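What follows draws every value from the coordinates through simple rules; no lab data is involved. Small disclaimer: the values here were computed from a predicted structure and weren't measured. Reconstructed Cβ throughout: ideal geometry from the backbone, glycine too, with neighbour counts over all protein chains shown.
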Amino acid sequence: MEHWKLEDVAWSAFEPEKVDPDMLKLAKAASLVEYNAGDYAEYLKHVFHDDPEFQSAAVIWAAEEVQHGKALARWARMADPEFDFEKCFKRFTDKIKLPIGTEHSVRGSRTGELIARCIIEVGTSSYYSALAGAAEEPVMREICTRIAADEIRHFKLFCRTMERYQPAERPGLIARVRIVLDRLSETDDDELAYAYYVANHDGDGPFERDVFGNAYKSRAYSYYHHWHVQRMVAMTFKAIGLKPTGLLSRLMARIGFATMRRRVRRSSAASI
Ligand SMILES: [Fe+2]
Ligand SMILES: [Fe+2]
């Protein structure tokens, strides 16, 4: 069961003049990706077909992700009544297909699958923390604060489950690092870029992954502070069994934050 309900949000506190147009674009795109979590739950139920404990947790996890999508879509529609979530979601899922029927993780092992899930939750928890910190519109701030807390719990769930599988599967450090790098490189794949395109630019011309992926990321990264990246790196290190707050972690956070800022600067003149 979800830890909060849509009715718990103080929707009446909405202040339209405080809506950040860039954040609105991000919220529309994020609503599509979050709402699609039901398919991920099916995939996880297949991969963990003999683990009823985790299967039950995955169902609750997916319900919470779907609720994130609903909350963001509702807020986006308050900010822009012309936002047609149902139409956008259909367009999104017509293209983005998940490997639902497989009994084997696309990551090669269950531990690998769970590390990848941890990395996604690292990304989402810091993303919504960054948005919550930057949002001036009170309802957006509340939604993002609630979602960020859920994403942290999801990270803990996947970490805990990974610790159950790791002793038997024993993936080496290089394998664990490779899963992280693979997952990070996938942020350049179609899913986020296409969600951003469908939610904001459908009808403006053909989909171009690099253009819309960059438009999405440069907006998203503009809300991050250094401490968000520091926490992301620390959580990632924890997930793969490295010291979360050592010298290497601090160095990676500096490099990561500098890379994100460079991307924001490069794209600041872009019109999309
Ligand atoms: Fe989420
Ligand atoms: Fe999550």
### Contour excess over end-to-end distance, with Cα ends at residue 39 and residue 136 and 0.36 nm allotted per residue
31.6 nm
### Query
Assuming R0 = 25 Å, what is the FRET efficiency of residue 98 and residue 145, from their Cβ-Cβ distance, to the nearest 0.05?
0.30
#### Entry: Distribution of pairwise C-alpha distances over segment 202-272, 5 Å bins, in %
3, 16, 21, 17, 14, 12, 8, 5, 2, 1
### Query
For the residue pair residue 189 and residue 251, what label-to-label distance in nm results when each label sits 7 Å from Cα along the Cα-to-beta-carbon direction?
3.0
### Message
What's the ranking of 258-264, 30-36 by average number of surrounding C-beta atoms within 10 Å, highest first?
### Response
30-36, 258-264
## Note on the structure
Longest principal axis of the chain (C-alpha) makes with the long axis of helix 21-35 (C-alpha) an angle, in degrees to the nearest 10, of 40
### Query
Measuring from label point to label point, each 7 Å out along Cα→Cβ, what is the residue 208 to residue 90 span in nm?
2.9
### Query
How large is ³J(HN,Hα) for each residue in segment 249-257, as worked out from phi by the Karplus curve 6.51 cos²θ - 1.76 cosθ + 1.60 (θ = phi - 60°), to whole Hz, x for Gly and Pro?
4, 5, 5, 4, 5, 5, 5, x, 5
### Summary
Residue by residue through segment 71-86, the couplings from Karplus 6.51 cos²θ - 1.76 cosθ + 1.60 with θ = phi - 60°, in Hz, x for Gly and Pro, are 5, 5, 5, 5, 5, 4, 6, 5, 6, 9, x, 7, 5, 9, 4, 4
### Task
Please work out whether segment 60-165 counts as rounded, prolate or oblate from its C-alpha gyration tensor, where a ≥ b ≥ c are the square roots of the eigenvalues and a/c under 1.5 means rounded, while otherwise a/b larger than b/c means prolate and anything else oblate?
oblate
### Query
If contacts are Cα pairs under 8 angstrom and at least 6 residues apart, what is the relative contact order of segment 6-224 in percent?
29
### Message
Restricting the calculation to Cα positions, tell me the Rg (one decimal) and the Dmax (whole number) of the chain in Å.
### Response
18.2, 55
#### Entry: Karplus 3J(HN,Hα) series, Hz, for segment 127-137 with 6.51 cos²θ - 1.76 cosθ + 1.60 (x for Gly, Pro)
4, 6, 5, 5, 5, 4, x, 9, 5, 8, 6
### Message
Charges at C-beta only: +1 for Lys and Arg, -1 for Asp and Glu. How large is the resulting dipole of the chain about its Cα centre, in Debye rounded to 20?
### Response
1320
### Query
Under a plain spin-label model, where a point goes 7 Å from the Cα along Cα-to-Cβ, how far apart in nm are residue 56 and residue 153?
1.6
### Task
Please find the FRET efficiency linking residue 163 to residue 17, where r is the Cβ-Cβ separation and R0 is fixed at 41 Å, and quote it to the nearest 0.05.
0.30
### Query
Taking the Cβ-Cβ separation of residue 181 and residue 46 as r and a Förster radius of 30 Å, what is the calculated FRET efficiency to the nearest 0.05?
0.75
### Relative compactness, segment 146-272, computed as alpha-carbon Rg over 2.2 N^0.38 Å
1.23
#### Entry: the chain: angle of helix 138-169 to the longest principal axis, Cα-based, in degrees nearest 10
20
### Summary
Share of Cα-Cα pairs in segment 15-63 beyond 19 Å, whole percent, is 45
### Query
For the charge dipole of the chain, defined by +1 on Lys and Arg C-beta atoms and -1 on Asp and Glu C-beta atoms about the Cα centroid, which residue among 127, 106, 226 has the Cα displaced farthest towards the positive pole?
226
